[in-house]
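Student: My structure is below; once you've seen it, I'll send some questions.
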Amino acid sequence: MGSGNQTEVSSMKTEDLGNVQEMSTKSLIVGPLSLRLDSSAVHRIMKMMACALEHEYEPYSKPKQDFVDGTKAMPTSEEISVLEEYIPTRITNFTIVKCTVTIPMAEFNLLCHLLPVIMGQKSPGSFLNTTSLQPLRPLPCIQILVDKIVLEHSVPMYAEQLVQAVSSLSQPSDNLLHYCYAHCYLKIFGFQAGLSSLDINGSYSSPVSVVPPFSTAIYGKMLQLPKY
């Protein structure tokens, strides 16, 4: 009696798994966010990017050489109908809510002191004194405010098998061709920019609008495994 019940349960589980539609979704929401991109931050970001580009790291594993077989097996009508009904997809969402980016002008203008050194002339060694390093107040800056930024990326989970099957068809449907691409959507809501200033107390004045609020969207796609 017990073994019979186990057989029924296992058969029910097998039937249930056959109706499962596979999908992968990852979402990350960040906000509210405030960034201050001053000259020091920009220099550090540029230095980090330069150091990263100058170094080549050995991969943990080397991918196998891609080999495309000239003889493609034609998928059956049942396989095509299954693909037309549902294709497993991997979706990644990244959202930033209430983002404020402040870009101030450089506080210390040392170009007049550094230019003779760049040109090979002799410059007094005491030019970096307290007088030349006095912070500028009020400090003009640009403030960018965005209500929401949404970046969505979708790609088929089994791209190689899908593209092989679709590329073997003489006239694939638009639905199958759609899933042979990686799709990227960028949506920006409530983007606006204005001019502001930083006073001696470290607070920003209310920005004067330069770019009125607007929303936009950008879409792009890239063919998966173009070798097929």
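The values are calculated or read from the model by the stated rules, or taken from the named source; none is laboratory data. None of these values were measured; they are calculated from a predicted model. FYI the Cβ positions are ideal-geometry reconstructions off the backbone, even for glycines, and counts take in every protein chain you see. Ligands, DNA and RNA are stripped out before the accessible areas are found, and what is left, the full protein with its side chains, is counted by its heavy atoms. Shrake-Rupley method; radii C 1.70, N 1.55, O 1.52, S 1.80 Å.
Student: Taking segment 202-228, which residues are at pLDDT 90 or above, under 21 Å from the mean Cα position of the chain (by Cα) and surrounded by 12 or more Cβ atoms within 10 Å (Cβ to Cβ)?
Tutor: Answer for segment 202-228, where residues must be at pLDDT 90 or above, under 21 Å from the mean Cα position of the chain (by Cα) and surrounded by 12 or more Cβ atoms within 10 Å (Cβ to Cβ): 215, 221.
Student: Is it the case, given these coordinates, that residue 23 is of a type outside the set (Ser, Thr, Tyr), under 25 Å from residue 94 (Cα atoms) and either surrounded by fewer than 10 Cβ atoms within 10 Å (Cβ to Cβ) or at pLDDT 75 or above (or both)?
Tutor: Considered against the rule, which asks whether it is of a type outside the set (Ser, Thr, Tyr), under 25 Å from residue 94 (Cα atoms) and either surrounded by fewer than 10 Cβ atoms within 10 Å (Cβ to Cβ) or at pLDDT 75 or above (or both), residue 23 comes out as yes.
Student: Residue 11 passes all but one of (1) open to solvent by 60 Å² or more (accessible area, probe 1.4 Å); (2) at pLDDT below 75; which number fails?
Tutor: Failing condition for residue 11: (1).
Student: Another question, then. Could you tell me how many of the residues in segment 173-209 are without any contact (Cβ under 8 Å) to a residue 40 or more places away in the chain and assigned to a strand (DSSP E or B)?
Tutor: Total meeting the criteria: 7.
Student: Here is a further query. Which of the residues spanning segment 210-228 are within 24 Å of residue 170 (Cβ to Cβ), in a strand (DSSP E or B) and not aliphatic (A, V, I, L, M)?
Tutor: 221
Student: Return yes when residue 71 is closer than 30 Å to residue 162 by Cα and at pLDDT 65 or above and no when it is not.
Tutor: In short, no.
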